Amino acid sequence: NRSSYLVDWLIFHEEARLPPAGEVPPNVLFFDLGRGGLGSLFGLKLASALGATNKLTRYMNLFRAAFRDFAYIITEYKPTHGTVFADYLAGYSHWSYTDSDVLVGDLPLHLSLEELTEYDVVTYHFGDAFRLYLRGQFSLHRNTPRLARLWTACHHLGAGLLDELEAKHMLVKRLAAEGKHGRTRFLSAEGCYSHAVASASGIR
């Protein structure tokens, strides 16, 4: 495929059934983190980045339970991917997140050399460019330590992360105690994080 020289797709999973190797393009890479491994990785890397290793076990347990019981909130943590997956991103010039319901075509027709060399963050809109925010479908970041930590400017991802995780769990437990089924709190990755990136000095 024409995109293979430009981009790799890194797919992290927990003991998922994979397609036969012969049906997978060479630039699609699968990483099996084992049962509960994704939550453990998020907890480990984010607690460490926030200097909260004294609460490491709590972070890891909360993330494992969250991704097991209300997995849809994993998209809330897209801005942290540069930190969480830093070990896997070594050697790459850029990283991005996306959605599982997106079909990506011929990327070389969209990404330009100027975007890769002159800008730190690149995102694409779909007809509403008057709204300035990073898209969950595609937001390309230069792979630098500073850009990988911009998420810390958002309280619910940074200093307030542990409180937010506990609040999500408490809400689900309260609904269950009332015999109700509902979704827990969800804070879009496109909100605070877009403001954090746009407000950061020296970011192009």
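Stokes-Einstein diffusion for segment 85-204, with the hydrodynamic radius set to the Kirkwood value over Cα pairs and evaluated at 10 °C in a medium of 1.306 mPa s, equals 95 µm²/s.
Solvent-free Debye calculation, one equal scatterer per alpha-carbon of segment 5-107: log10 I(q)/I(0) at 0.10, 0.12, 0.22, 0.23 Å⁻¹ equals -0.32, -0.45, -1.36, -1.44. Between R183 and L116, the modelled label-to-label distance comes to 3.6 nm, taking each label 7 Å out from Cα in the direction of the beta carbon.
Enter the Cα centre distance for the pair segment 10-51 and segment 65-113, rounded to the nearest angstrom. Using only Cα atoms, the two centres lie 11 Å from each other. Calculated [222 nm] ellipticity per residue, helices only, for the chain: -9500 deg cm²/dmol; basis is -39500 (n - 2.57) per DSSP H run with n ≥ 4, divided by all residues, nearest 500. Can you work out the base-10 log of I(q)/I(0) for segment 1-40 at q = 0.16, 0.30, 0.32 1/Å, using the Debye formula on its C-alpha atoms alone? The calculated log intensity ratios at q = 0.16, 0.30, 0.32 Å⁻¹ are -0.47, -1.01, -1.07.
What the Cα convex hull of the chain gives, in volume per residue, is 148 Å³.
Probing with 1.4 Å while keeping every protein chain in the model, the per residue accessible area of segment 1-132 equals 59 Å². Could you tell me what percent of the accessible area of segment 19-177 is made up of carbon and sulfur, with a 1.4 Å probe and every protein chain present? For segment 19-177, the apolar C and S fraction of the accessible surface comes to 58 percent.
Of the beta bridges DSSP finds with both residues in the chain, what % are antiparallel, to the nearest 5? Each step should come with its number before you reach the end.
Numbers: 5 of 10 bridges.
That works out to approximately 50 percent antiparallel.
Give the peptides 17-24, 156-163, 68-75 in descending order of average Cβ contacts within 10 Å, highest first.
Details: 17-24: 8.4, 156-163: 17.4, 68-75: 14.4.
Result, highest mean Cβ count within 10 Å first: 156-163, 68-75, 17-24.
The values are calculated or read from the model by the stated rules, or taken from the named source; none is laboratory data. The structure displayed is predicted, hence computed values, not measured ones. Neighbour counts run over all protein chains shown; Cβ positions are idealised from the backbone, glycine included. All accessible areas refer to the heavy atoms of the entire protein, side chains included, with ligands and DNA or RNA removed. Shrake-Rupley method; radii C 1.70, N 1.55, O 1.52, S 1.80 Å.
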